[in-house]
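J.: A single structure is presented below for examination.
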Amino acid sequence: MNKLIITAALTGSRITREQTPHIPITPEEIVQSAIESWNAGASIVHIHVRDPETGLGCQDLSLFEAVVNPLREKTDLILGLTTSGIPGKNLPTEQRLAPLKLKPELASFDAGSINLGNNLFANPPDFLEEAAIQMKKTGVKPELEVFDLGMVMTCLRMAQEGKIDPPLHFQLVLGTPYGAPATPKALLHLREHLPGNATWSVLGAGKGGLPMAMMAMIMGGHVRVGMEDTIYYAKGVLAKSNAQFVERISRIAKEYGRDIASPAEARKILGLT
Ligand code: ZN
């Protein structure tokens, strides 16, 4: 079976220090957490940055630079930058796409709109068109984040129209309150609709994290873990670091007999040049 790509989603945009003291917030903390995750076996880090005033997600380019530059210097990690900003706040398109200026190898592409909490996470067609155009122009591969089957169909349609290029890479986001549930049935259903040459990874939000990771592992997919997706390592037990999640997946993969992809191997698997 192909090697397993582990993505660490380090911080997201919403988890606060009140919820867990272990969430990385400053650029230095995010860099440190990325390096620990890399040492534990992650080949990709999914990066958000936080507004120093509010502590919540923002799209400030200088903050992204403060994370990206040291990681490029010290690691060979594949960097995936978010374009979501803070879901539900729906920042202007220009701000959302600002991180593309740093030419990361991957950037998130949320392939449709969905309710999150009491808010709408808006990804209307004109945003998707603009994101696709700018990613193509800057040579950034879209990481197609899909929360339900409609979003998969959106990606397939955009690929057919030549707006996004194969091989497509999907991140199946399962277990959000209004999206597809973190169940084997939902995962199999989404997987069935992906093109044969696509690569895919799974994240299960909250308690769906570990079961979905194990499903992905045996099905030949890839795995995303980290404190953006759950702050709990086990029921009622806060994770102390992102690396802790990566270490667990690495351990299970080793026992199962599926090797972990290095960043260089992950680049090959994903068709990154
Ligand atoms: Zn994210």
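Every read-out reported here was derived from the displayed coordinates using simple, explicitly stated rules and does not represent laboratory data. What you see is a predicted model; the values in this text were computed from it and never measured. Don't worry about glycine lacking a Cβ; one is built from the backbone with ideal geometry, like all the others, and counts go over all protein chains shown.
J.: Could you size up the charge dipole of the chain around its Cα centre, putting +1 on the beta carbon of Lys and Arg and -1 on that of Asp and Glu, and report it in debye to the nearest 20?
T.: For this selection, approximately 620 debye.
J.: For the chain, what does the helix formula give at 222 nm: sum of -39500 (n - 2.57) over DSSP H segments with n ≥ 4, over the residue count, nearest 500 deg cm²/dmol?
T.: -11500 deg cm²/dmol
J.: So which lysines can K254 reach, going by Cα to Cα under 19 Å and dropping same-chain residues fewer than 8 places off?
T.: K3
J.: If N is the number of residues in the chain, what value comes out of its Cα radius of gyration divided by 2.2 N^0.38 Å?
T.: Here the Cα radius of gyration is 0.90 times the empirical estimate.
J.: If you take the Cα atoms of the stretch 51-109, find Rg, then find the Kirkwood Rh from the mean of 1/r over all pairs, what is Rg/Rh?
T.: Looking at the stretch 51-109, the ratio lands at 0.97.
J.: Within the set K74/K141; K240/K268; K74/K268, which residue pairs have Cα atoms separated by over 26 Å? Walk me through the intermediate numbers first.
T.: Details: K74/K141 22 Å; K240/K268 32 Å; K74/K268 21 Å.
In this structure, K240/K268 lie more than 26 Å apart at Cα.
J.: For the modelled label position 7 Å from the Cα of T183 along Cα-to-Cβ, which residues of the stretch 202-232 have backbone nitrogen atoms closer than 18 Å?
T.: Under cut-off, by backbone N: 203-216.
J.: Please report the antiparallel percentage of the DSSP beta bridges confined to the stretch 12-126, to the nearest 5.
T.: Bridges in the stretch 12-126 are about 45 percent antiparallel.
J.: Further, regarding this structure: In Å, what Kirkwood hydrodynamic radius results for the stretch 189-271 from the alpha-carbon pair distances?
T.: Hydrodynamic radius (Kirkwood, Cα pairs) of the stretch 189-271 is 13.6 Å.
J.: Have a look at the DSSP beta bridges in the stretch 6-270 and tell me what percent are antiparallel, nearest 5. List each step's numbers first, then the result.
T.: Numbers: 7 of 36 bridges.
DSSP beta bridges in the stretch 6-270 are roughly 20 percent antiparallel.
J.: GluC sites (Glu not before Pro) within the stretch 136-166: which are DSSP loop residues with at most 11 other Cβ atoms inside 10 Å?
T.: Here the sparse-neighbourhood loop sites are E161.
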